[in-house]
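S.K.: Pasting a structure here, questions to come.
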Amino acid sequence: MASSIGSRNGTKKKYLVFMVQVHTNFRRAELESLADLYNIKDINFDKYDDNSPFFFVELDNDQQAKDWIKRSILTRAIYEYWGEGKTYDGLHESIQSQSFFPEYKKLYENDSFKFEFDTYRGNSKSNRIKQIETFSYLEFKGKIDMKNPNQIFTVIEEYKPISENIPAKEPINLIFGRLIQKGDRLAMEKYDLKKRPYKGTTSFEAELSLVSANIAQVKPGTIMYDPFAGTGSFLTAGGHYGALVIGSDIDGRMIRGKGASQNIGANFKYYEESSRFLDVLTMDFTHNSLRSNLCIDTILCDPPYGIRESIKVLGARDPERFVGKENVEIDGKKAFLHRDYIPTKKPYALDALLDDILQYSAERLPIGGRLAFWMPTANDENIETIVPLHSCLELKYNCTQEFNKWSRRLLVYINRGPGFDGPTNSGIKRSTTAFRDRYFSHFS
Ligand SMILES: C[S@@+](CC[C@H](N)C(=O)[O-])C[C@H]1O[C@@H](n2cnc3c(N)ncnc32)[C@H](O)[C@@H]1O
């Protein structure tokens, strides 16, 4: 197989990133975060467009392209760019006129290969064999191998449908490239909630939990913590990227699951990733007992929105009722030390809980470590959503997923330490109406 890795005389090469046209609000954040994770500098995002699945970039070499895209959930694939045209004739002319064409042709002439076609917003009924024959000027001498070729050459056809129901017959644009790396879209099938042994009403869908883990830069061999673990969707996503994960939740039922075959640990076993599952524990986040020198590299979570139940923390709604009762004993042992003791809980505001998450992250994450969490907002309020801010944390991304009447945002922060001195709004009431009340009144 020809060695295709390495920059051409130190110059950059042109590549095409072919993305999915969903969750477009999250795509750039995912691409930037993965580039930063692999130390790939100077990617020019000027031509990046949320409305297009195509993004042309210049990179040093194929290895960079592989590193960058291998984890991406919102990218279909990255290709070494060979040319493009509005028709097949135009495409062939473009390929043959590129300055790099003679060099590329020579590099792969003896490799086994196959051709693939991919399409965007349409489909072709053309005879693909005949179309492949029009590329005979490539003069490849290697054998055609449909199963395990050294090189896959791809034609991407872009269509513009005549209307929503009437597809176009002919493509409006064609791009030709050599496949360098597919994105990680198969992970969505692996972690599909439908197939997961333990799940519940709070489980977070696979695609955006994996995207969240990418934007949070969850790294292999590091510790990721989800303080509101529920059924463990984010722990699962973190485990996929090789992190050692710890979760906690105030609700012991979530942590215990539904028996040995249906709990968070059982999910990790099912995915054959048990070695990445450190443990989960029942704990109120606001009374956190993880030892202070435990190094937590990333915090990724989906705090309670207060939709299915109001937000609660340990404590008494009416503390006066309990005065003097701390010392009540049962069978000679303090009541609260019995295993079946159920502590009292009191309501808590989402704003206060989010302030607590920010403060905890500022104290516990390393400099450069990321906190990523989801926050719900009602769309029809005529007031701006106020995003929580902390003086040590840089708000890096604020990506929105829109639903009909509400939306949720993935907020991603980088811990910059006390010297950062960024803006803060800790302690202020940011939401005017409890999200839960708005949700149940259908945002009317
Ligand atoms: C939106 S759910 C998270 C769901 C989770 N991502 C999953 O995959 O199932 C929020 C979770 O926070 C938990 N929770 C609520 N208040 C809490 C607190 N004070 N401390 C820790 N967990 C809490 C709830 O029990 C619930 O499981």
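The values are calculated or read from the model by the stated rules, or taken from the named source; none is laboratory data. Quick caveat, the model's predicted, so the values are computed rather than measured. FYI the Cβ positions are ideal-geometry reconstructions off the backbone, even for glycines, and counts take in every protein chain you see. Side chains included, ligands, DNA and RNA excluded: accessible areas come from the protein's heavy atoms. Shrake-Rupley method; radii C 1.70, N 1.55, O 1.52, S 1.80 Å.
S.K.: Given (1) within 16 Å of the ligand (Cβ to nearest atom); (2) more than 30 Å from GLY265 (Cα to Cα), identify the lone condition not met by VAL218.
M.R.: Exception for VAL218: condition (2).
S.K.: Further question: Hey, does segment 361-368 have a residue that's in contact (Cβ under 8 Å) with a residue 12 or more places away in the chain, within 14 Å of the ligand (Cβ to nearest atom) and in the same structural domain as LYS396 (by TED's automatic domain parsing)?
M.R.: No - not one qualifying residue is present in segment 361-368.
S.K.: Within segment 260-273, is even one residue more than 9 Å from the ligand (Cβ to nearest atom), open to solvent by 20 Å² or more (accessible area, probe 1.4 Å) and at pLDDT below 95?
M.R.: Yes.
S.K.: Consider GLN131 against the criteria (1) assigned to a helix (DSSP H, G or I); (2) buried (at least 19 other Cβ atoms within 10 Å of the Cβ); (3) not charged (D, E, K, R): it satisfies all of them except one. Which criterion is unmet?
M.R.: Every condition holds for GLN131 apart from (2).
S.K.: For segment 225-238, which positions are more than 9 Å from the ligand (Cβ to nearest atom) and under 13 Å from the mean Cα position of the chain (by Cα)?
M.R.: Matches in segment 225-238: ALA237, GLY238.
S.K.: Let me ask something else about it. Have a look at ALA335, ALA378, ALA372, ALA316 and point out the one that is within 16 Å of the ligand (Cβ to nearest atom), open to solvent by less than 70 Å² (accessible area, probe 1.4 Å), modelled with pLDDT under 95 and of a type in the set (Gly, Ala, Ser).
M.R.: Step by step, each of ALA335, ALA378, ALA372, ALA316 is checked, and only ALA316 is within 16 Å of the ligand (Cβ to nearest atom), open to solvent by less than 70 Å² (accessible area, probe 1.4 Å), modelled with pLDDT under 95 and of a type in the set (Gly, Ala, Ser).
S.K.: Against the condition more than 9 Å from the ligand (Cβ to nearest atom) and in a loop (DSSP other than H, G, I, E, B), how does GLU326 come out, does it pass?
M.R.: yes
S.K.: Follow-up. Scan (1) open to solvent by less than 30 Å² (accessible area, probe 1.4 Å); (2) within 16 Å of the ligand (Cβ to nearest atom); (3) among the basic types (Lys, Arg) for the single condition LYS194 breaks and write down its number.
M.R.: (1) is the only condition that LYS194 fails.
S.K.: I'd like the full set of residues that are assigned to a loop (DSSP other than H, G, I, E, B), more than 30 Å from PRO343 (Cα to Cα) and in contact with a Gly (Cβ under 9 Å, 6 or more places away or on another chain), limited to segment 213-258.
M.R.: Hits for segment 213-258 are ALA216, GLN217, VAL218, LYS219, PRO220, GLY221, THR222, GLY242, ALA243.
S.K.: Residues that are closer than 16 Å to ASP356 by Cβ and under 25 Å from the mean Cα position of the chain (by Cα), at least 1 per element: which strands (runs of 3 or more DSSP E) completely within segment 259-317 meet that?
M.R.: It comes to 298-301.
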